[in-house]
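Accompanying notes for the structure given below.
Rule-based calculations on the coordinates, nothing more; no lab input. Values in this document were obtained by computation on a predicted structure and should not be read as measured data. Don't worry about glycine lacking a Cβ; one is built from the backbone with ideal geometry, like all the others, and counts go over all protein chains shown.
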Amino acid sequence: MRKKTIQRGKRPELMWGLGLSDELKLQVETGVGPGFYVRNFPAGAFSWPDADTDGEQPAMAWIPWSVWSAMPEHQREECRSREETQRILIQDQGEKDLEMEQVLADGFLTVVRTPLTRPKVQDAVFRAREVKSMYSDIYRMTEEILLERELLARKTDQLLFLNKILASATESLDPAVILLNAKETLSLLLPIKQLHAAFWTRQQESDVADVEIFLNGAMPPETESLWVERLMAAATDMGGGSVNSFQVVHAESLRRPEYSQTPADGRLVTMPLSAGQDTFGCLMLLCESSYRLGKDQVETFRSAITHLGLALRNGMTFKEVKLRADRDGLTRIYNRHSFEERLIYEIKRRRRYNHDLSLLMVDLDHFKQVNDTYGHKAGDMVLRKVGEILTTTFRTTDLPARYGGEEFVVLLPHTAERDAWTLAERVREAIQTCSFHFDGHDFTVTASIGVASVEGGALSKDEDLILKADKALYEAKHNGRNMVVISKPKETRAALH
């Protein structure tokens, strides 16, 4: 796993501390390293506006919970108003866990518990920088679009139409929402029956592309197949290469009567979506056959598609950024951070509603031998396949994630231990029966799985769920591997088989 390092400039980067003890200040300084400078303000004698007179622009501020909770409300409001500074809340080990909603409402990026070890401090710094970078990109793109809107507002009624396109496009960064808004707005200029889109991403190591298709809404299977075929042909033609795979997204889940119309039921208009010299997608519009646009309307329509393409590119970029933050880069399933956040959420829900909650911990047997014998690319192929198996086996409400290396976890809300064991056996068999072929060699792998559950009405601690699953996994590995072991005592396991 690639080790994270903080890139430091020549000048130390400023951070603020509010009421930090000498020990906490030292822990922060030690964690971030010599490329940063921490200026600490005494608790109760600090005012954000006074500090502004020095012209300082701190990247982050570290504030203990004891200091924040004792702060007058007007001072808290001053802190919240300084949006450009990411704030980190520090809690002592003995302090009660805070609700994340309260932390976010107070404008904090995250909570870090003492002691402030180097990994904790650096993780907070990296998260702050990622959020700042993402927000900066979004703000910059929004400012560009708003500037264009101001220029277009001075033009004719046709240019006012472009303002409507821009307004609808900036309401959301979700491509599906942007497309639904675009259909409604473009219908003011052109009678549109349906509007679909395709976006492609070319893989760096090959000349093939992965395509994401957005259909207007749900439609009969045979009609959907016709639209997918047309959009895939457009992606192959405009994308300048072959297509590897595709997935279909419905912008609207409802099935409306007009969505049963095929590409032959009107005039089909296909428009490329470009950013600079790069064509990344296309729009496909089904219009009334007899309708024709005037010359000025054609120019306005093309300008509208250009601005819509910019908004869609921003939306797809934001979607990819979020995907990378939540997903494992190799297997494309959720990463450990996403799993841990979801685990906290599900534990809270279980405590409130008293439902079953189960966890699978999956570890590939002798995986090091695969890397040593066939190479790391073969190992990556195996991990991707296991990710696919976990994705297709479970419900959308379940959460499969890569926990680290060759270890995976699956969180199963509303699932009793008996059902969790059945699902684990299904996964184990799917992995065992999967054949791999790499560089002229055929091989198979197996997996050991530990199962743990907290059932409704149980008095055991929810926090023991991972520990119980890990112990069950250890027992499966110790007893010969390629098996499922549950965390119940041995005398009670026979009932599950």
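Okay, here's what the table says:
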read-out	value
Nearest-0.05 FRET efficiency for LEU98 and ASN371, computed from C-beta distance (R0 30 Å)	0.10
FRET efficiency, 1/(1 + (r/R0)^6) with R0 30 Å, evaluated for SER303 and SER260 via beta carbons	0.40
Per-residue HN-Hα couplings for the stretch 288-295 [Karplus 6.51, -1.76, 1.60; θ = phi - 60°; Hz; x = Gly/Pro]	5, 5, 8, 7, 10, 9, x, 4
Inter-site label distance for THR397 and VAL249 at 7 Å from Cα along Cβ, in nm	2.4
Of all DSSP beta bridges in the chain, antiparallel share, percent nearest 5	60
Among the listed pairs LYS322/LYS477; LYS120/LYS377; LYS377/LYS468; LYS96/LYS348, those beyond 25 Å (Cα-Cα)	LYS322/LYS477; LYS120/LYS377; LYS377/LYS468
Protection proxy ranking, peptides 310-316, 141-147, average beta carbon neighbours within 10 Å, highest first	310-316, 141-147
Two-site FRET efficiency, ALA218 against ILE145, from Cβ-Cβ distance with R₀ of 41 Å, rounded to 0.05	0.85
Long-range HN-HN contacts of GLN194 with modeled amide H, under 5 Å	LEU286
Anisotropy class of the chain from Cα gyration tensor, a/c 1.5 cut	oblate
5 angstrom amide H check on ASP365, placed H, neighbours 5+ away	THR446, ALA447, SER448
Gyration tensor (alpha-carbon) shape descriptor, the stretch 13-137, a/c threshold 1.5	rounded
Paired Rg and Dmax values of the stretch 336-486, which use every Cα atom, in angstrom	15.7, 54
HN-Hα J in Hz across the stretch 417-430 - Karplus 6.51, -1.76, 1.60, θ = phi - 60°, x for Gly and Pro	5, 4, 5, 5, 4, 4, 5, 4, 5, 4, 5, 4, 5, 4
Positive dipole terminus of the chain, leading residue within LEU24, VAL427, PRO220 (C-beta point charges)	VAL427
Stretch gain in nm, segment GLU340-ILE138, where the contour uses 0.36 nm per residue and the Cα spacing is subtracted	70.0 nm
